[in-house]
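For reference, the structure is listed below as structure tokens.
The values are calculated or read from the model by the stated rules, or taken from the named source; none is laboratory data. These numbers were taken from a predicted model, which means no experiment stands behind them. As a convention, Cβ positions derive from the backbone with ideal geometry for all residues, glycine included, and neighbour counts pool all protein chains shown.
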Amino acid sequence: MNIHTKPDTLQKLIELGNATAFEPAGDAPQSEKQPRYQSRSLAECIAHLSTPKGKKPVLKAMVTTACEKNCYYCPFRAGRGKTRRLTFQPDELAKAFDGLHQAGQVDGMFLSSGIIKGGVTTQDKLIDTVEVVRKRYHYRGYVHLKIMPGAEYDQIARAMQLSDRVSINLEAPTQQRMDALAPKKDFAGELLQRLQWAHDIRQKMNLRTSIVTQFVVGAVGDTDAELLGLTSQLYRQLHLARAYYSAFSPVLQTPLENLAAVDPLREFRLYQASFLLRDYAWDFEELDFLPGGNLPLTVDPKIAYAERHLRENPIDLMTADRRQLLRIPGVGIQSAEAILHARGQRALRDVGQLRALGIRAPEKAAPYILMGGQRILRQLSLF
């Protein structure tokens, strides 16, 4: 296969490997985990992602792995000796991407970077790279671009014009948590304000660019209530496309290297709760938290709600509105719409009807619903 780029650039990409593995970029973040390769290969920096434009092989790369920030959890933090420092020039990286695209190996780019000479200078490098990809190589496909802390308003506007998605990673839910995680970053001034700017730019310029953020979970005492409380605000006020949650895992030669890794199940529960807030029109107050502020790991957040509210007061499928239907375990957005449509044509009375409407596991819903005014647990025992 003939890839039109310099071998030294490809070798740098191979050495870069899965440097962005800790940064989810697609719409199915928990399925993004890259396989472990026996030796370094280009495949490590190509991820098969679900994107707003469909599933694609996406080049995940960094302009530089050098960084002047000292974030306590990060493998690229300043002064960490184990980190291989690699830097690409915009023309170089754009040409490498074009070569891989022409060879059919990638059809999308996720571009991040460490920070050198400040966020503004680094943001220019990111924008310049995508400018070359778009203008010189006429690529019209998927681009997901990181916004650096401290990036200027006009830089964010240009990044959003060039990209399908931009990331502004908050990392922590409050300044207090940020001080313990990444003390050189200003939570409100450098990060949260940029999210607000991105929202304003999208509205002012009538752009379709989606906006996402990411949190590092569990390294510095942050609670699920803090993370989801802020997530709920961002969904409602800034129409955030999604929040990513990255369960903390210790990295050698960082100040947090001796901390225990966070249970991946905590990350999974956060995603479940986040989707309820975003897609199911739940209020933050409807989520159940343990006394310490975290979600229980042993139960799905939707089932926790149903046990508390619906076990003794089941929902009648013939009279419930859409909001009520979306609080029933096992009932998703499509099946809720199917129920609303079907009951206008006939009475819903038995389990077979539920399966026909797309509810694959009616046993999940059974303890919390009425059909024909009756519970259906006995019907299930007959199947």
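For E257, indicate whether it is surrounded by fewer than 14 Cβ atoms within 10 Å (Cβ to Cβ) and over 30 Å from G81 (Cα atoms). No. Within this structure, K55 passes the test of being modelled with pLDDT of 80 or more and assigned to a strand (DSSP E or B).
Listed here are the residues, each with its yes/no results for (1) touching a Lys or Arg at 6+ places or on another chain (Cβ under 8 Å); (2) at positive phi.
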| residue | (1), (2) |
| --- | --- |
| D164 | yes, no |
| I168 | yes, no |
| E171 | yes, yes |
| T174 | no, no |
| L191 | yes, no |
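Can you tell me which residue within the range 83-107, out of those that are part of a helix (DSSP H, G or I) and in contact with a Phe, Trp or Tyr (Cβ under 7 Å, 6 or more places away or on another chain), is surrounded by the most Cβ atoms within 10 Å (Cβ to Cβ)? Applying the filter and picking the extreme gives A94. In the range 58-70 there is no residue matching the filter, namely being at pLDDT below 85 and part of a loop (DSSP other than H, G, I, E, B).
Please give the helices (runs of 4 or more DSSP H) falling wholly within the range 274-383 in which 3 or more residues are surrounded by fewer than 13 Cβ atoms within 10 Å (Cβ to Cβ). Spell out how you get there, then give the answer.
Details: elements: 301-309, 322-325, 333-342, 351-356, 362-365, 377-381.
Counting at least 3 such residues, we get 377-381.
So which residues in the range 195-209 are of a type in the set (K, R) and either part of a loop (DSSP other than H, G, I, E, B) or under 15 Å from L230 (Cβ atoms) (or both)? Write out each step before concluding.
Narrowing the range 195-209 to residues of a type in the set (K, R): 202, 204, 208.
Passing the criteria: only R208.
Can you tell me which of A338, A281, A243 is at positive phi and in contact (Cβ under 8 Å) with a residue 12 or more places away in the chain? Every option except A281 fails the conditions.
Taking the listed residues V132, V166, the one that is in the same structural domain as L42 (by TED's automatic domain parsing), within 22 Å of A21 (Cβ to Cβ) and of a type in the set (V, I, T) is V166, with no other qualifying.
Selection over the range 216-252 of residues that are farther than 20 Å from S167 by Cβ, touching a Leu at 6+ places or on another chain (Cβ under 6 Å) and part of a loop (DSSP other than H, G, I, E, B) gives a count of 2.
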